[in-house]
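See below for the structure under consideration.
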Amino acid sequence: MTATTRIDIPSTLAALPSFPRLQGKRVQLRGPRAEDADAVFALFADPDVMRYWSRPPMTTRGEAEGLIAEIQDAFEQRAMLNWVVTGRSDDRVIGTCTLFRIEPRHRRAEIGYALHRDHWGHGLAAEAVALSLDWAFRTLALHRVEADIDPRNDGSRKLLQRLGFASEGLLRQRYFVGDAISDTELFGLLAQDWSSRQD
Ligand SMILES: CC(C)(COP(=O)(O)OP(=O)(O)OC[C@H]1O[C@@H](n2cnc3c(N)ncnc32)[C@H](O)[C@@H]1OP(=O)(O)O)[C@@H](O)C(=O)NCCC(=O)NCCS
């Protein structure tokens, strides 16, 4: 066992004084605030963003307010970290990046992310996800991070592969979204995969 794997995940989470703020070259990740509701609604009401999401698009601003309150509450319980993504110098929310289903016993968690369509294709999502992965592997000393995607979601698959995730299999008919049912492709990234890329 290495020194890092002795990090106690629940205690580390409990000791966080506030939502961790992560700074990259072009994006920042921070906790959401009530005044982000318009931008969060603009993100999750867009059918293109929600095309492969596990829920239908939002239809009211109140859903965004509710989501922000849920995220804040989940952080208070230290159950999940749902960062909002902003530009480096512009505080407006352009996306989200979430570390959830944190399982201390197995030292693993799942990751999810979404970026406003206006910002697709510039590597901002990859930068944001890399920041949160780095935090998860260094601060929590996770052993494994998982992502499950709709197999038709080529942008998401490319992003994961670019960050070193391996495709680990297809789970059939896993999500009902409205009247449709969709498969999942499961991806995994191990701490050793991540650290070997940072050398
Ligand atoms: C998935 C998502 C975050 C990717 O955003 P992005 O801005 O394209 O991501 P990045 O620019 O960091 O790069 C991802 C890679 O995918 C490629 N890509 C993006 N969209 C693509 C598409 N529709 N088809 C094929 N490749 C695509 C990019 O060119 C880039 O490739 P590269 O690494 O060779 O340069 C964005 O499409 C999104 O928010 N989608 C809606 C929400 C969603 O589906 N989230 C994932 C749920 S699991």
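As an exercise: evaluate GLY121 against (1) within 13 Å of the ligand (Cβ to nearest atom); (2) touching a residue at least 12 places away in the same chain (Cβ under 8 Å) and give the number of the one condition it does not meet.
Answer for GLY121: the failing condition is (2).
Can you tell me how many residues in the stretch 72-110 are farther than 24 Å from PHE165 by Cβ and either out of contact with any Leu (no Cβ under 9 Å at 6 or more places or on another chain) or surrounded by 18 or more Cβ atoms within 10 Å (Cβ to Cβ) (or both)?
Going through the stretch 72-110 one residue at a time, the tally reaches 12.
Give all pairs with beta carbons closer than 9 Å in which a residue from the stretch 29-58 that is touching a residue at least 40 places away in the same chain (Cβ under 8 Å) and closer than 13 Å to ASP91 by Cα meets a residue that is in a loop (DSSP other than H, G, I, E, B) and within 11 Å of the ligand (Cβ to nearest atom); count only pairs at least 6 apart in sequence or on separate chains.
ALA39/HIS116
Looking at the stretch 158-174 only, could you name the residues that are more than 22 Å from GLN192 (Cβ to Cβ) and either of a type in the set (Val, Ile, Thr) or within 11 Å of the ligand (Cβ to nearest atom) (or both)?
Passing the criteria: only LYS158.
Could you tell me whether the stretch 179-194 includes any residue that is in a helix (DSSP H, G or I), touching a residue at least 60 places away in the same chain (Cβ under 8 Å) and either within 8 Å of the ligand (Cβ to nearest atom) or of a type in the set (Phe, Trp, Tyr) (or both)?
Yes, the stretch 179-194 contains a residue that is in a helix (DSSP H, G or I), touching a residue at least 60 places away in the same chain (Cβ under 8 Å) and either within 8 Å of the ligand (Cβ to nearest atom) or of a type in the set (Phe, Trp, Tyr) (or both).
Looking at this structure, is ALA15 of a type in the set (Gly, Ala, Ser) and surrounded by 12 or more Cβ atoms within 10 Å (Cβ to Cβ)?
Against the criterion (of a type in the set (Gly, Ala, Ser) and surrounded by 12 or more Cβ atoms within 10 Å (Cβ to Cβ)), ALA15 does not qualify.
Which strands (runs of 3 or more DSSP E) does the stretch 75-122 wholly contain that include 1 or more residues that are of a type in the set (Asp, Glu) and under 25 Å from ALA191 (Cα atoms)?
Ranges flagged: 93-103, 108-115.
All of the numbers you see were taken from the coordinates with simple rules; none came from a lab. These numbers were taken from a predicted model, which means no experiment stands behind them. Using ideal geometry, Cβ is built from the backbone for each residue, glycine included, and neighbour counts are taken over all protein chains shown.
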